[in-house]
Amino acid sequence: MDTVYALSTAQGKSGVAVIRVSGPQSLSAAQALCGDIPPFRQASLRILRDPDGKRLDEALVLTFPKDGSFTGEDVVELQTHGSIAGVSSVLTALSAMDTLRPADPGEFTRRALENGRLDLTQVEGLADLIDAETEAQRRQAMRVLSGDLGKRAEIWRQKLIRAAALLEATIDFADEEVPVDVSPEVSELVSDVILSLDAEIKGVDHAERIRAGFEVAIIGAPNVGKSTLLNALAGREAAITSEYAGTTRDVIEVRMDLGGLPVTLLDTAGLRESDDVVETMGIDRARQRAGVADLRVFLVEKGKTPDFAIGPDDIVLNAKADLLSDKANAVSGQTGFGISQLVDQIASILKTRTAGIGVATRLRHQHAMVRGRDALTSMMSLLPQGEDTADIAAEELRTAIRSLDSLVGRVDIENVLDEIFASFCLGK
Ligand code: GDP
Ligand code: MG
């Protein structure tokens, strides 16, 4: 294994920067830089010098033994000043050592996986945690990182292995009279797993929304104040507003944190009949995007009916509250009236759509679980046919076990690794 190094904190000026070195030569590399290195896990201040003895920086030096490090290898962390020139001088000194090379993006984590410090789902959780921008994303990523899916998969595995052993016994002793019928126990074990898989498979759709974000479309007739409302929600001038009808033509997207949930707000062209070709295209696009959005906020001029099919969860509000004497159920982007209630209402509707989230969070998990569940369902249909189909049933069980093993990366790991690590940044 090579020894690799990288800047683990973000590029650019900062108070402190962390340079990480991992691999069999990491301790000797640190020794070359700072003379004597502190004992494992005891941070100590050291002067870092180049081979000519010139001072590069002063750094807090931390070392970890391979049985207690993130990567499962000897690791050194140099906490230097976050100066662009300072960091670069230390990286240059490391690159001059022939036993070292720069790490690839995600390489520290990849080593952690290869050394069994993390399972594949935890690697995914870590990737999500680093990408997390909202509270809901952070919480979900932490759950995955803690290894809950791996633990659940282990429970499934235990049950299926027991079921497989029972079935194999039927096959092996087919000629002798098997004293007990194993099928009730096999059936109970497998049904349990199927039930639990079904719930997790459904939950992934919700979890994916937390990862990718929800879309909320603001729609209504021209000039009711949609763009003004979007700007008020976003807290900035994201869309052009004007008294001229038909100002917004394309769909404008603003990503924001709404009550902890990741939301993309869509401002759309006002819905009306138009002779303008470009505006008509914008209106078509508005209808289409609003139709597939997770939630629609309709702004209506009091007394008019909206020109769009309203779903049961959609929000309908009277526009320009400041001009109305009856302000019930009204909002105003201009004065801010009703904005915080609207934010709460959107957040609480979207939160109900995250209720089914379990421990599985990605489409990759969903696919593996669907493969597993389908094999188990097919196995269950073979079970009543007894000895004749016991071979095929056992094979279906093994297929299910393999599918669930691929969840945590026990098998079939190569084809997914590159995809997962493509999202990692340098130094992680
Ligand atoms: P859109 O076509 O639905 O996007 O509407 P705009 O946001 O562009 O607003 C159309 C016009 O209505 C502009 O002149 C805004 O200043 C005005 N307007 C928007 N919101 C309000 C509001 O809450 N109260 C009042 N009085 N005027 C508003
Ligand atoms: Mg507009």
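The values are calculated or read from the model by the stated rules, or taken from the named source; none is laboratory data. Because the structure is predicted, anything quoted here is derived from the model rather than measured. No Cβ is skipped: glycine too gets one built from the backbone with ideal geometry, and neighbour counts run over all protein chains shown. For accessibility, only protein heavy atoms count, side chains too; no ligands or nucleic acids. Shrake-Rupley method; radii C 1.70, N 1.55, O 1.52, S 1.80 Å.
Here F308 does not fit the description of being in contact with a helix residue (DSSP H, G or I) (Cβ under 6 Å, 6 or more places away or on another chain), among the aromatic types (F, W, Y) and more than 10 Å from ligand 1 (Cβ to nearest atom). Restricting attention to region 336-376 and to residues that are polar (S, T, N, Q) and surrounded by fewer than 16 Cβ atoms within 10 Å (Cβ to Cβ), the residue that is nearest to I201 (Cα to Cα) turns out to be T352. If you go through region 78-89 and keep only what is buried (at least 22 other Cβ atoms within 10 Å of the Cβ) and either among the charged types (D, E, K, R) or under 11 Å from A6 (Cα atoms) (or both), you end up with L78, V87. The residues of region 228-245 that are at pLDDT 90 or above and within 10 Å of ligand 2 (Cβ to nearest atom), listed by number, are T228, L229, L230, N231. Taken over region 132-156, the criterion of being hydrophobic (A, V, I, L, M, F, W, C), surrounded by fewer than 18 Cβ atoms within 10 Å (Cβ to Cβ) and not assigned by TED's automatic domain parsing to the domain that holds R398 is satisfied by M142 alone.
Conditions (1) within 16 Å of ligand 1 (Cβ to nearest atom); (2) closer than 30 Å to E107 by Cβ, marked per residue:
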{"residue": "A321", "(1), (2)": "yes, no"}
{"residue": "V331", "(1), (2)": "yes, no"}
{"residue": "L342", "(1), (2)": "yes, no"}
{"residue": "T361", "(1), (2)": "no, yes"}
{"residue": "M369", "(1), (2)": "no, yes"}
{"residue": "S381", "(1), (2)": "no, no"}
{"residue": "L397", "(1), (2)": "no, no"}
{"residue": "S403", "(1), (2)": "no, yes"}
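Restricting attention to region 251-288 and to residues that are open to solvent by 50 Å² or more (accessible area, probe 1.4 Å) and touching a strand residue (DSSP E or B) at 6+ places or on another chain (Cβ under 9 Å), the residue that is farthest from ligand 2 (Cβ to nearest atom) turns out to be D257. Among the residues of region 205-220, what is the count of those that are within 16 Å of ligand 1 (Cβ to nearest atom) and either surrounded by fewer than 19 Cβ atoms within 10 Å (Cβ to Cβ) or among the β-branched types (V, I, T) (or both)? The qualifying residues number 3. Take R49 and tell me if it is crowded, with 16+ Cβ neighbours inside 10 Å, under 14 Å from K428 (Cα atoms) and of a type in the set (K, R). So R49 fails the test. Filtered by the rule that a residue be modelled with pLDDT under 90 and within 9 Å of ligand 2 (Cβ to nearest atom), region 209-225 gives P222, N223.
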